[in-house]
Amino acid sequence: GEHGTVGTVSAAPWGSASILTISWAYIAMMGATGLKRATLVAILNANYIARQLAPHYPILYTDANGWIAHECIIDCHEFKKTANITVEDIAKRLVDYGFHAPTVAFPVPDTLMIEPTESENKTEIDPF
């Protein structure tokens, strides 16, 4: 009824319906040109990180030219084999240095998935 229970407002019973509003507002404020630029900058940032790290770490899901999409996935399984260092250990150490920890073990076990956003510039990325 009008003053009865609300019920489910998102895909999960206690999820946040505002996620739709936030996404809509971002798209509306950015517009087509802004969204394209943000996407291109995010892809550029991920590829910049991949190129910096590729001489030192295996990068997964590269194309024939070594390019990636918007995320840089580093294979860390050798660290576990040779030094008993897990991706969780690496992520926690990055936090110790003030970096937001990358996604661990997704989409592949023993990997770090680094997803720089369009708002990060080279000055912010280089220390990482």
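Give me, ordered by chain and number, the residues 5 or more places off Ile73 or on other chains with an amide H under 5 Å from its own placed amide H.
Leu60, Ile114
What list of ³J(HN,Hα) values in whole Hz, one per residue of region 105-117 in order, does the Karplus curve 6.51 cos²θ - 1.76 cosθ + 1.60 (θ = phi - 60°) give from phi, with Gly and Pro shown as x?
Per-residue couplings from phi come out as 6, 9, x, 10, x, 6, 10, 10, 10, 9, 10, x, 8 Hz.
Go through region 30-103 and name the chymotrypsin sites (Phe, Trp or Tyr not before Pro) that are in a DSSP coil and have 16 or fewer other Cβ atoms within 10 Å of their Cβ.
Those satisfying the criteria are Tyr61, Trp67, Tyr97, Phe99.
In square angstrom, what is the accessible area per residue of the chain with a 1.4 angstrom probe?
Per residue, the chain has 72 Å² of solvent-accessible surface.
Show the residues, 5+ positions off or on another chain, whose built amide H is closer than 5 Å to the amide H of Thr111.
Sorted by chain and number, the residues that satisfy this are Cys76, Ala105, Phe106.
Comparing Ile85, Ile59, Ile22, which has the greatest mean-square fluctuation in the GNM of the chain with Cα pairs linked when under 10 Å apart?
Ile22
Cα axis of helix 87-96 to longest principal axis of the chain: angle in degrees, 0 to 90, nearest 10?
The angle comes out near 80 degrees.
Take the solvent-accessible surface of the protein heavy atoms, probe 1.4 Å, and return the percent of it on the chain that carbon and sulfur atoms account for.
For the chain, the apolar C and S fraction of the accessible surface comes to 62 percent.
Please list the radius of gyration and Dmax for region 77-128, considering alpha-carbon atoms only, with Å as the unit.
Computed over the Cα atoms of region 77-128, radius of gyration and Dmax are 12.2, 36 Å.
How large is the convex hull of the C-alpha atoms of region 52-102 per residue, in Å³?
Taking the convex hull of the Cα positions in region 52-102, it is 96 Å³ per residue.
Could you compute the net charge surrounding Met29? Neighbours are other residues with a C-beta less than 15 Å from the C-beta of Met29; K and R count +1, D and E count -1. Could the numbers behind the result be given before it?
Details: positive: Lys36, Arg37; negative: Glu118.
Summing Lys/Arg as +1 and Asp/Glu as -1 gives +1.
Output the Cα-based Rg and Dmax of the chain in Å, rounding Rg to one decimal and Dmax to a whole number.
Radius of gyration, then largest Cα-Cα span, for the chain: 19.0, 64 Å.
What percent does the relative contact order of the chain come to when contacts are Cα pairs within less than 8 Å and at least six residues apart?
23 percent
Measuring from centroid to centroid over Cα atoms, what is the spacing of region 61-85 and region 28-54 in Å?
Here the answer is 20 Å between Cα centres.
The values are calculated or read from the model by the stated rules, or taken from the named source; none is laboratory data. Bear in mind the structure is a predicted one, so any value in this text is a computation, not a measurement. Please note: Cβ atoms are built from the backbone with ideal geometry, for glycine as well, and neighbour counts cover all protein chains shown. Quick note on the areas: whole protein, heavy atoms, side chains included, nothing else; ligands and nucleic acids left out. Shrake-Rupley method; radii C 1.70, N 1.55, O 1.52, S 1.80 Å.
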